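Structure first, commentary second.
Values quoted throughout were computed directly from the atomic coordinates according to the rules given, and no laboratory measurement underlies them. Computed from a predicted model, the values in this text were never measured in an experiment. Don't worry about glycine lacking a Cβ; one is built from the backbone with ideal geometry, like all the others, and counts go over all protein chains shown.
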Amino acid sequence: MTESNDLEDKLDEAIKGVEKVKKEKESAKRLRFYVEFAKTQDITEWKRPVYVIHEHELFGGRLHWDLRFEDDGKMETWRIYKLPTLPAKKLAHKKAESIPLGAALFEGEIPLDEYGGGKLKIWDRGTFEIVEKRETKFVVNIKGKELNGKYRLVSVPNDVPRLDKWFFSKT
């Protein structure tokens, strides 16, 4: 009976590994534009870790801001739907696709047929220090031109599995 359970566990692990690789390949296809741009960048002179907020106007005029923090060679991203300096206590947004670190300082137009097609410009940039990092909570000291101080991102439980809700606020 134990051998059977061990085999099932190994099979489950193998399936999860295959699913992870498949997901990474799909992500790379979606992010092809960012990946190609990142290859052209020399990040050795950048102040690290990198923090940036991109103002992102999608084709069709929809506007949001991409809040990005460097983590393990990529830029973890949260989509913010209201200007980060508005005096609201909490701004609802969702976790978005990570981009390569080398694409953090991209400004310009992303082609319509690429993921995130539209205009991207840097709204704020700088560095940050992690104060607390958990799966459902991320607290940082931001040192940017527009945002400075301690901010937190907190995950909000919800009943929709594909909807990743977070709140962003200054502490």
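For the pair Glu55/Leu105, report the inter-label distance in nm, with labels modelled 7 Å from Cα in the Cβ direction. Modelled inter-label distance: 2.0 nm. When Lys and Arg each count +1 and Asp and Glu each count -1, what net charge do the other residues less than 13 Å away from Gly102, Cβ to Cβ, add up to? It works out to a net charge of 0.
The calculated FRET efficiency for the pair Leu63 and Asn141, based on their C-beta separation and a Förster distance of 30 Å, comes to about 0.65. Please compute the net charge surrounding Val131, taking Lys and Arg as +1 and Asp and Glu as -1 over other residues with Cβ under 15 Å from its Cβ. That sum, taken over residues with Cβ under 15 Å, equals +4. Approximating the spin labels as points 7 Å out from Cα along Cα→Cβ, the Val131-to-Asn158 distance works out to 2.5 nm. Think of the range 31-170 as having a plus end and a minus end, set by charges on the Cβ of Lys, Arg, Asp and Glu; of Tyr34, Tyr115, Val139, Val139 sits farthest toward the positive end of this dipole. Measuring nothing but alpha carbons in the range 45-171 and taking Rh as the Kirkwood radius, the Rg to Rh ratio lands at 0.94. Dipole size of the range 31-170 about its Cα centre, with +1 on Lys/Arg Cβ and -1 on Asp/Glu Cβ: approximately 720 debye, rounded to the nearest 20.
Between their Cα atoms, which of Lys47/Lys82; Lys47/Lys74; Lys16/Lys94; Lys94/Lys150; Lys121/Lys143 are more than 22 Å away from each other? The answer is Lys47/Lys82; Lys16/Lys94.
Once the C-beta distance of Asp42 and Lys16 is scaled by a Förster radius of 45 Å, the resulting FRET efficiency is 0.80 to the nearest 0.05.
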